[in-house]
Structures are given as C-alpha cells and as structure tokens.
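The values are calculated or read from the model by the stated rules, or taken from the named source; none is laboratory data. Values in this document were obtained by computation on a predicted structure and should not be read as measured data. Counting neighbours? That spans all protein chains shown, and the Cβs are built from the backbone with ideal geometry, glycine included.
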Number of protein chains: 2
Amino acid sequence: MKSNLIITISREFGSGGHEIGAKLAEKLSVPLYDKEIIDKAAEQTGLSAEYIAEHEQRYTSSLMFNLAMGNYSRTGELPLHDQIDIVQSEIIRNYAKEGSCVIVGRCADYVLEDDFECLNVFIYAPDEVKLERITERYSGDARTAAKLIKETNRMRSKHYNYFTGKIWGDRQNYDLMLNSGRLGIDGCVEMIIQAAEKVD
Amino acid sequence: MKSNLIITISREFGSGGHEIGAKLAEKLSVPLYDKEIIDKAAEQTGLSAEYIAEHEQRYTSSLMFNLAMGNYSRTGELPLHDQIDIVQSEIIRNYAKEGSCVIVGRCADYVLEDDFECLNVFIYAPDEVKLERITERYSGDARTAAKLIKETNRMRSKHYNYFTGKIWGDRQNYDLMLNSGRLGIDGCVEMIIQAAEKVD
C-alpha cells in the first residue's frame, strides 16, 4: 500500500462498518479513528462526549446555505453542531497529516478530499442483515433495533448532505462500495486491502 | 469460485464495464454474454439486431404497472419493447442454466435473482473518465461523447427502473460497486474475481 494513503469508511448503521474498519487498521498496522474523534472534539470544546454525540447531528438546511445567507452574522457565532463539525474536521486533518490511517464516518472523505490521498469506501448491507446485527446488540429487541437503524441512517444521511452538500451513499463519492452481508466482514477487509494496492 | 455462479455486470456507459466483463470471462474461462443477447433475441423474434437495439429501451410508466392496469388487454398483445424484454430474459435464463458465465447489462441481476446464484456488480466512473473514454472512441469529438454518455445512461436507468421496478445503480441491488476510474480496468477484474471467491 502507498504510504500516506488514508482509508475512509462511510457505512450504514448495522452494516458492520466499524468492525471492518477496526480489523482493517489492525491488519495494516495503522491507527483507527472513530469515536476517538468525538472524544478529542469533546476535549477541545470542553463539552462532554455524550453531549456532542447527541448534538453533533442536528441541523437545518445546509452549512453552506447558512453561511451564504449570512444566517449566522447577527451573533457572529455558529450553532453548536456547526462548531462541532468544524472542530472534528480539523482533528481529522491532523490525524491524516500523521500518515496512513483508517477513519470511520465523520464525513472524512469530504474533509480530506482536496489535500490528502484517500481510498473512500462505503459499506452497506441488506435490511435483514442490519436488523439481525443490531437486534443481537440490543438483546433480541427487534422492534427497537429496526427503529434505531432507520433513525440512525436517516441522521447519517442528513448530516452528510448538510455538511458536504453531497449525497450520502452516492457512488460518485466513493472508490468502492461493498455489501458486507454478501461478502462478509473479513471478505470486505480483504477487498479493501486489495483496493488500497490498486489506487494510482 | 463456486460452480454455477453467474456474474452480472451493470455499468455506466463509458465506465469500461464491457471491457471488464470481457477480461473477467477470459480469466475465469467462462462465456461472456453482452450484445450476443440482442443478436439471439433478434433470431428468435425475426427482427433485425439493429431494430431491437433501437427499440428495446422505449417505454412508458412500468411493465408491472401496465400489466396490473390491464393496459394491454384489449389487443392481447404486449408492446414490442416488452416482448423484447421478455424474450431477452428467457435467453438470459437459458444461458444461466448452462453454468457459470458473465452477463453484461440487460437487467440480468433482476432476471436471475430468484432462481440462480449471482454475484451482482455495478461499475461506474467519474464523469471526466467516462468522457475521456468515449471521446477517444468518437475520434476526439467531446461534445458528441458527452451527449451520448448522458443519453445512454439516462436510457439505461429508465429501462432498468421500468423493467425491474427497482432503481438502477441503487446499492441494495448489487454485491459490490467499483469505481473503474480509480481502481483501473484490471483492478476491477481482480477485485470481482476475489469477490466471487467470497460469496457464501
């Protein structure tokens, strides 16, 4: 693999994207950044990680729209969720500067697109596979799991669209998109490693 | 690779999907079916291949909608484009029955989904890569190429949506989606071979 290649993983909630990222980072012996980014942002803003996790994905229209319309000019201060996005983006860029790593979520593909070489991956799975995985995590409560999957993926999509102005899951944003329900967690890890060898 | 695995390749026009399919079939020593399907359909219907190629993708609303509404009942005859779809589907199923093969386009993922084991692949590429490839094919006429790319992909999408009731390029229809502009033609071929080893 090229030195300084950053692998970004976007993923449907329930598709096993975090697990794939973790195994990938381990196999490649590079750092993994996921919830760690939230924690770091928490440190920098003085807010608790729980507070950020809850508030980071609340927004209206789009960041660019709000900035263009001067919607923030009266107070001169960005809403909290925008501040968090900006702090997290800075943290992601600093991680990327340190060299090869795996970054899960946080719109990292967009944050890094202009200044870093990335392999951008999207992991998805059929609904029944996501449901099975999340139901297991919630001790067999399929109803709660189904609700959580729907809501979390809706928020991920909304956040990505808001922050990047692009569409979450749109193939044009990624180098490869893998169905973990069909290829398996380890299968996806191996395919991403192979793809990382191929990008020019 | 499993015996009797059918690899279907859906592809954006200009992404090199046909070339990937051809190289893949050669490497796996299995038959490739692409334009051949049109020719076979032509033989069976007594229509010329040119006529079919021109008419196969003209339609309104959706096939299921038209059938459900009884829109065809007065004459008892399906419009030509629906007849062609049905003949081609039968040909695809007959190819699949013969064993492993690579089928490019023709909604093969949908035609075979209930009765055959398939690895469903979607090949795409950034606009500039598609434009470069097609411009080259048309002796440097970028304007004609751009128009052709837009129109062909619009028709592929429309035909897929009409015939299958699903959305062309929607990740839920595929096992893996590869950006040939980033991974290269040979890179895609190798990744599909690897994926074919992994499906359970």
- Task: Output the number of residues of segment A:134-149 satisfying the condition of being touching a residue at least 24 places away in the same chain (Cβ under 8 Å) and surrounded by fewer than 20 Cβ atoms within 10 Å (Cβ to Cβ).
- Result: 1
- Mind checking which residues of segment B:183-200 are surrounded by fewer than 21 Cβ atoms within 10 Å (Cβ to Cβ), under 15 Å from B:GLU12 (Cβ atoms) and either hydroxyl-bearing (Ser, Thr, Tyr) or within 7 Å of chain A (Cβ to nearest Cβ) (or both)? none
- Message: Being more than 20 Å from the chain's Cα centre (by Cα), surrounded by fewer than 20 Cβ atoms within 10 Å (Cβ to Cβ) and either within 26 Å of B:GLU117 (Cα to Cα) or away from every other protein chain (no Cβ under 14 Å) (or both) is the requirement here; does A:GLY165 meet it?
- Response: no
- Message: Whether any residue in segment B:149-156 is of a type in the set (Ser, Thr, Tyr), within 30 Å of B:ILE84 (Cβ to Cβ), within 15 Å of the chain's Cα centre (by Cα) and away from every other protein chain (no Cβ under 14 Å) is what I want to check.
- Response: yes
- Candidate set: segment B:124-136, residues that are closer than 17 Å to B:GLY105 by Cβ and assigned to a helix (DSSP H, G or I); chosen: the one nearest to the other protein chains (Cβ to nearest Cβ): B:LYS130
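Do we have any residue at all in segment A:62-71 that's at pLDDT below 85, outside any helix (DSSP H, G or I) and closer than 27 Å to A:SER15 by Cα?
Yes: segment A:62-71 contains one or more residues that are at pLDDT below 85, outside any helix (DSSP H, G or I) and closer than 27 Å to A:SER15 by Cα.
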- Could you say which residue among B:GLY140, B:GLY181 is at positive phi and not aromatic (Phe, Trp, Tyr)? B:GLY140
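So if I check each of A:CYS101, A:CYS188, which one is closer than 22 Å to B:ASP186 by Cβ, touching a helix residue (DSSP H, G or I) at 6+ places or on another chain (Cβ under 7 Å) and in contact (Cβ under 8 Å) with a residue 12 or more places away in the chain?
Values: A:CYS101 fails: closer than 22 Å to B:ASP186 by Cβ.
Step by step, each of A:CYS101, A:CYS188 is checked, and only A:CYS188 is closer than 22 Å to B:ASP186 by Cβ, touching a helix residue (DSSP H, G or I) at 6+ places or on another chain (Cβ under 7 Å) and in contact (Cβ under 8 Å) with a residue 12 or more places away in the chain.
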- Query: Do we have A:VAL121 as surrounded by 19 or more Cβ atoms within 10 Å (Cβ to Cβ), in a strand (DSSP E or B) and more than 10 Å from chain B (Cβ to nearest Cβ) here?
  - Reply: yes
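Give the residues of segment B:2-55 that are in a loop (DSSP other than H, G, I, E, B), among the polar types (S, T, N, Q) and modelled with pLDDT of 70 or more, sorted by residue number.
Of all residues in segment B:2-55, those in a loop (DSSP other than H, G, I, E, B) come to B:2-5, B:12-16, B:29-31, B:34, B:46-48.
Next, only the ones that are among the polar types (S, T, N, Q) stay: B:3-4, B:15, B:29, B:48.
Hits for segment B:2-55 are B:SER3, B:ASN4, B:SER15, B:SER29.
With the requirement that a residue be under 11 Å from the mean Cα position of the chain (by Cα) and at pLDDT below 95, what does segment B:93-102 give you?
If we filter segment B:93-102 for residues that are under 11 Å from the mean Cα position of the chain (by Cα), which is where we start, we get B:102.
Answer for segment B:93-102, where residues must be under 11 Å from the mean Cα position of the chain (by Cα) and at pLDDT below 95: there is none.
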- Return a yes/no flag: does segment B:173-181 have any residue that is small (Gly, Ala, Ser), in a helix (DSSP H, G or I), more than 12 Å from every other protein chain (Cβ to nearest Cβ) and crowded, with 20+ Cβ neighbours inside 10 Å. no
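State whether one or more residues within segment B:90-97 are touching a residue at least 24 places away in the same chain (Cβ under 8 Å), within 14 Å of chain A (Cβ to nearest Cβ) and in contact with a strand residue (DSSP E or B) (Cβ under 9 Å, 6 or more places away or on another chain).
Keep residues of segment B:90-97 that are touching a residue at least 24 places away in the same chain (Cβ under 8 Å), which gives B:91-92, B:95-96.
Right, trim to within 14 Å of chain A (Cβ to nearest Cβ) and you get none.
The answer is no; no qualifying residue exists.
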